[in-house]
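Take a look at the structure below.
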């Protein structure tokens, strides 16, 4: 559970080499580079390398690493060429592009070994071990870590990296359940961390040692190490890590039948989860609570927590299946790249043998073989290019066919959905004229309200059509702007306040923080919120409840829209974002829809590089969870479950109470008018 928590710290430490990243230093080096074009190649390489070392954004590092590689290759500067390949590979690894990263790190390793750059060689082996670990190739990862440790052992100045590598090797053995070896390397790493007074590293290492001792039923030793880790991490407010160790501490006590302590630890973990939610940790807490209450003989609670455990586990399994499929593909591609590297090495060895034969008198034959080989490679390369172009053409043809089909389906939907409200507008206009002629002002007022509703339906449909068309043609590019997120949500929700009141739906907004200013695309966010709230109102019964929540965590804005309406089955959820050319389900009050709203939500979330999750069961309502990366500019205080939206509209609701009552009465009148229109054709 916690075996790789400290891994990120070690990885960033290696990526930083021995320097702290400082953007001011990077900016200064960049100014020197731009203002002094007469610098020689080595000076330019040095400045570019310093810029890379002081940038924290992987994409920016890749840009300057490419420039460093270009200058180093042109001037045959092996040290900076090695560093350029290495830094670009490191940045790509942080972006989870393991196939490209593997190729670059292998090139960097080859240059380092050829030029006897020992520390650089050790860093390359360490980074290769991480790539192999991420692609589930643990045997290769262990081999690379051991080679890295062997080199770090020879350099006393690189002790921090040695202990980090020992820690990682312990993690790999822990993952493979080779507990004896894992303990050896964890203890070796702990000695180094204590020597250098690395408190956080000591805490994670003690915690992992305690986990192993618990699995080996060394209860007392496990208790000491786990509590030591929890005490240290509490001082640093690392509650997310503490939750995991509390779960292990509870399991350790339960192994010896100490139910009281086991209950105390797991309850403490559950309290922390309320402040720092984590689905995986919550799943483990439910499982442990089920075991505890089963031993206590409280089978009702045991059944409750077991049911919660299986429900959460199944939902996480669905996410894990998708992740595993992506990891399998990455592992396959990395394996292919490794095979290509092995093949290239074999070809290089064959070339060496051919050169030896040329020296002893077979030059002519060897030259002929080289010509044949070059011709074969050119032919093979041309064949691959043709095959690739053929695949691209086929894919483009399929995209065009799908786009044309979607266009036809869209025209069909729009023609169908516009016919109703446009026809109603025409009939309502006629009835208003007749009512005014006959001086029936009350009837005319009710008809005008109905006409307003019909026009709003047309406006909503046309807005969705415009956004859908723009997104499908890739004409809209997200534009980052700074805005107050809670204010945007409130403004969008106010538009639907009357629609919610017409169905007597309780519509609330509960942000985690007040004054949350972010940098993102407000237009995309407004469209997402508008369609999710509209969809929730459409499928929620009279006297229902809709709750909108938001939070910011780890560089992402999370928006949740929860209702207790109709809900959906798994099949409906699976086709929710596919525009199939048919109208969506009718709402709880016979509201009409064209099926574009949730397609737009999916398109805009994807455009912002975010993710959307749906939790729904028939008859129990639905929850739409949108998570989108965004830069945080300002964060106000935490406000918990304050109904911010209700407070923001409270005054306007009081002042318009009489009008609201009249509007509700007018809803009933509009129903009568609609019945009269239907009767009149």
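The values are calculated or read from the model by the stated rules, or taken from the named source; none is laboratory data. Keep in mind it's a predicted model, so treat the numbers as computed, not measured. In this analysis, Cβ positions are derived from the backbone assuming ideal geometry, glycine residues included, and neighbour counts consider all displayed protein chains.
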Test for residue 359: is it modelled with pLDDT under 80, assigned to a helix (DSSP H, G or I), over 28 Å from residue 600 (Cα atoms) and out of contact with any strand residue (DSSP E or B) (no Cβ under 6 Å at 6 or more places or on another chain)
no
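Conditions tested, residue by residue: (1) surrounded by 21 or more Cβ atoms within 10 Å (Cβ to Cβ); (2) at pLDDT below 90; (3) in contact with a strand residue (DSSP E or B) (Cβ under 8 Å, 6 or more places away or on another chain).
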{"site": "36", "(1), (2), (3)": "no, yes, no"}
{"site": "51", "(1), (2), (3)": "yes, no, no"}
{"site": "79", "(1), (2), (3)": "no, no, no"}
{"site": "84", "(1), (2), (3)": "yes, no, no"}
{"site": "87", "(1), (2), (3)": "yes, no, no"}
Going by the structure shown, is residue 555 modelled with pLDDT under 95, touching a strand residue (DSSP E or B) at 6+ places or on another chain (Cβ under 7 Å) and surrounded by fewer than 17 Cβ atoms within 10 Å (Cβ to Cβ)?
yes
Enumeration of residues in segment 74-112 that are within 27 Å of residue 40 (Cα to Cα) and either outside any helix (DSSP H, G or I) or out of contact with any helix residue (DSSP H, G or I) (no Cβ under 7 Å at 6 or more places or on another chain) (or both):
74, 75, 76, 77, 79, 110
Exactly one condition in (1) buried (at least 19 other Cβ atoms within 10 Å of the Cβ); (2) at pLDDT 90 or above is not met by residue 259; state its number.
(1)
If you check every pair at least six apart or on different chains, which have Cβ atoms under 7 Å apart with a residue in segment 519-534 that is assigned by TED's automatic domain parsing to the domain that holds residue 576 and free of Cβ contacts under 8 Å to residues at least 40 places away in the same chain first and a residue that is surrounded by fewer than 24 Cβ atoms within 10 Å (Cβ to Cβ) and in a helix (DSSP H, G or I) second?
526/488; 526/492; 530/492
Counting only residues that are under 34 Å from the mean Cα position of the chain (by Cα) and free of Cβ contacts under 8 Å to residues at least 60 places away in the same chain, how many does segment 182-202 have?
10
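The rows are residues; the columns are (1) crowded, with 19+ Cβ neighbours inside 10 Å; (2) at pLDDT 80 or above; (3) in a helix (DSSP H, G or I).
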{"position": "568", "(1), (2), (3)": "yes, yes, no"}
{"position": "571", "(1), (2), (3)": "no, yes, yes"}
{"position": "576", "(1), (2), (3)": "yes, yes, no"}
{"position": "579", "(1), (2), (3)": "yes, no, no"}
{"position": "584", "(1), (2), (3)": "yes, no, no"}
{"position": "594", "(1), (2), (3)": "yes, no, no"}
{"position": "601", "(1), (2), (3)": "yes, yes, yes"}
{"position": "606", "(1), (2), (3)": "no, yes, yes"}
{"position": "609", "(1), (2), (3)": "no, yes, no"}
Flag if residue 240 is out of contact with any strand residue (DSSP E or B) (no Cβ under 9 Å at 6 or more places or on another chain) and closer than 19 Å to residue 171 by Cβ
yes
Quick one: is residue 315 touching a helix residue (DSSP H, G or I) at 6+ places or on another chain (Cβ under 7 Å), at negative phi and either part of a helix (DSSP H, G or I) or at pLDDT 75 or above (or both)?
no
Given (1) closer than 24 Å to residue 209 by Cβ; (2) modelled with pLDDT of 90 or more; (3) surrounded by fewer than 17 Cβ atoms within 10 Å (Cβ to Cβ), identify the lone condition not met by residue 303.
(1)
